[in-house]
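To start, the structure under review is shown below, and the notes come after it.
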2 protein chains.
Amino acid sequence: VRTLDPPVAVAAARDGDRRALARLISAVEGRGDSARQIGRLLVPFTGHAHVVGITGAPGVGKSTTTSALIDGWRKQGRTVGVIAVDPSSPFTGGALLGDRVRMSDHSTDEGTFIRSMAARGQLGGLAAATPAAVRVLDACGFDLVVVETVGVGQSEIDIVRCADTVLILQAPGMGDRVQTAKAGLLEIGDVFAVNKSDRPGAAATNRELKSMVDSRPMAAGDWRPPVVAIVAVEATGIAELAEALEAHREFSLASGSLTARRLDRARSEILGLAAGGFQEAVSERAQLLAHLSEQVLAGRLDPDDAAHQVLTDVGVRTR
Amino acid sequence: VRTLDPPVAVAAARDGDRRALARLISAVEGRGDSARQIGRLLVPFTGHAHVVGITGAPGVGKSTTTSALIDGWRKQGRTVGVIAVDPSSPFTGGALLGDRVRMSDHSTDEGTFIRSMAARGQLGGLAAATPAAVRVLDACGFDLVVVETVGVGQSEIDIVRCADTVLILQAPGMGDRVQTAKAGLLEIGDVFAVNKSDRPGAAATNRELKSMVDSRPMAAGDWRPPVVAIVAVEATGIAELAEALEAHREFSLASGSLTARRLDRARSEILGLAAGGFQEAVSERAQLLAHLSEQVLAGRLDPDDAAHQVLTDVGVRTR
């Protein structure tokens, strides 16, 4: 394996070299010194892609829908990069990998690039790696960057929040609607789609979802999330769905909410990376931590006071 | 409302005053200056209670089982404090609150104290507040402290990990077993129980759970987690379950694994509190963060470099 030369790889990837692109993503996932250098080289070219987050409960048809959307975008001549994130624990994930394979219809297409990312122990790491990977695709000129993940918890919400437009998928059936509410997906959706709309109960799901979305607290001039009925396997409703995503993009640009959201995203990312740096500095103080833990266990020190000692040692200036 | 006088409240709570105890828990949840003072006053009295964590998927009968265990412990003359943690988002949680009400049979009993804790926006806050609340009950002389929470994700695992002994509940049905594996509960259980063991499929669930538990990587001399069949509503198997929990306690004491686990717990708690202190220091730098976010958005600064500037400003000494 040749060592990665960041300026050469960045130039090659921006020129369409897919292997260079794949290596850049691996490098920014790895978070070494070359990741920093790559970040610096790429950041001037970022900000042009429409970043779309797609999530929903397992089985609603995320990959099929993503695949159908890609078909539509490609027919319009637009290029698409996909980051498929699987944050589940190592010994599940079989179903998701199967879904990924279906998306590989697009793997021979020049205008599409699909990348899977799996959790390697740390969820925080994954939530941090996703925006970095998105930035690589953005800087390499993809018109759309899709971040797809299973909507089951806070970590997935964190992942999908790095998007300009969040699409929440549903399917007919009581369970899914409850899951969506429980997982907090209702609050973060900009566009909703009910997949498998040819199935019994689809109209009811659609109606209930609409009423749930409409009951979100909303100010005058806010974006009103549409609910689109689709049958992803037949590409039914996909054109309308793509239009709804585009309409949200245009609304966000015109209203200034895109800039606000991206500022917020940048802020979260900086905070996350800073927290990571702090954790690193703390973990270098293994002896101090062992000593303080023993003191707490012996009843000689309160954990709060122990934490204060750690902060002081690392250099953080507290009140 | 009278202001809390920490030394007076601590003395009263340790003397059996339940209102003082409740106020102490509220104070340590609040994390103000009085929380620190209370922590310092209580820490010399901690370390005696057997802390039992109870978790499992929704509907397996956590509250019923906890209730049956309490009955058994009370008959042995042992006192029990319960922290029931509900980390779900504000607009779910109905079912859990209903479960809580059932536990209130014990609310008139002098030897039992039950406290519910709900998420208030921040999961990190809840994971931090739980061990503090456990410490209050421990220092106030409860023989057993139970931490009960729904087993659905990483945050719940973090919560239940503050226990000396972790009990994972299951019920007959394929879904639950898969959920348990998915949620990572299999790895953290010290004792497993299959509730509703009079239902069809219970024997199969029991058998499969045993084989899953037995397939955990295990060294010679490690604790081998038992799987106990129970019917919590009829108190069937509850004595055996209590014995299994006690056996784990005795094994942990004798083998030294209790001390190792508690050291690890103290370390995690210190780290969590230190991370909280760092976040606080960072959030005081709103202007710097706004400026850096704008620079990132404009493509003039890489987020990694922005994070480095934050760390430097807060005072963290990095490489």
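Taking B:HIS48 in one copy and the same position in all the others, each labelled 7 Å out along Cα→Cβ, what are the pairwise distances from the first, in nm, shortest first?
7.0
Going from most exposed to least, what order do A:ARG31, A:ARG224 have by accessible area with a 1.4 Å probe?
A:ARG224, A:ARG31
Could you state how much accessible area B:PHE251 has, in square angstrom rounded to the nearest 10, with a 1.4 Å probe and all protein chains kept in place?
Rounded to the nearest 10, that gives 60 Å².
Using 0.36 nm per residue, how much length does the chain from A:ALA298 to A:GLN279 gain when fully extended, once their Cα-Cα distance is taken away? Provide the component values of the computation, followed by the final result.
Values: separation 19, 0.36 × 19 = 6.84 nm, distance 2.52 nm.
Length difference between fully extended and current span is 4.3 nm.
What accessible surface, in Å², does a 1.4 Å probe find on A:GLU280, ignoring ligands, DNA and RNA and rounding to the nearest 10?
My reading of the accessible area for A:GLU280 is about 90 Å².
Tally up the carbon and sulfur contribution to the accessible surface of the range B:209-319 as a whole percent, 1.4 Å probe, everything protein left in place.
About 52 percent, which is the carbon plus sulfur part of the accessible surface.
Evaluate the charge dipole of the range A:11-90 about its Cα centre and quote only its size in Debye, nearest 20, assuming +1 on the Cβ of each Lys and Arg and -1 on the Cβ of each Asp and Glu.
It comes to approximately 160 debye.
If contacts are Cα pairs under 8 angstrom and at least 6 residues apart, what is the relative contact order of the range A:209-293 in percent?
Over the range A:209-293, the number comes to 14 percent.
Kindly give the semi-axes, whole Å and largest first, of the ellipsoid equivalent to the range A:230-319, taking each as the square root of 5 times a Cα gyration tensor eigenvalue.
Whole-Å semi-axes of the equivalent ellipsoid: 50, 18, 11.
Mind grabbing the interface size between B and A? I mean buried accessible area, both sides, 1.4 Å probe, in Å² to the nearest hundred.
On the way: alone 16550 and 16540 Å², together 28090 Å².
Answer for the B-A pair: about 5000 Å² buried.
Tell me the distances, shortest first, between B:GLY221 and the same position across the other copies, using label points 7 Å along Cα→Cβ, in nm to one decimal.
7.0
Would you mind computing, in nm to one decimal, how far apart the modelled labels at B:ALA239 and B:ALA204 are, each placed 7 Å from Cα along Cα→Cβ?
So the two model labels end up 3.2 nm from each other.
By per-residue mean of other Cβ atoms within 10 Å, what is the highest-first order of A:285-296, A:264-275?
The densest-packed peptide leads the list: A:264-275, A:285-296.
If you build the Cα gyration tensor of the range A:249-299 and take the root of 5 times each eigenvalue, what three semi-axes come out, in whole angstrom, biggest first?
44, 11, 5
The values are calculated or read from the model by the stated rules, or taken from the named source; none is laboratory data. Remember, predicted model here, so these are calculated numbers, not experimental data. Because the Cβ atoms are built from the backbone with ideal geometry, glycine has one as well, and the counts that use them run over all protein chains shown. When the accessible area is computed, the model is the full protein with side chains, heavy atoms only, and any ligands, DNA or RNA have been set aside. Shrake-Rupley method; radii C 1.70, N 1.55, O 1.52, S 1.80 Å.
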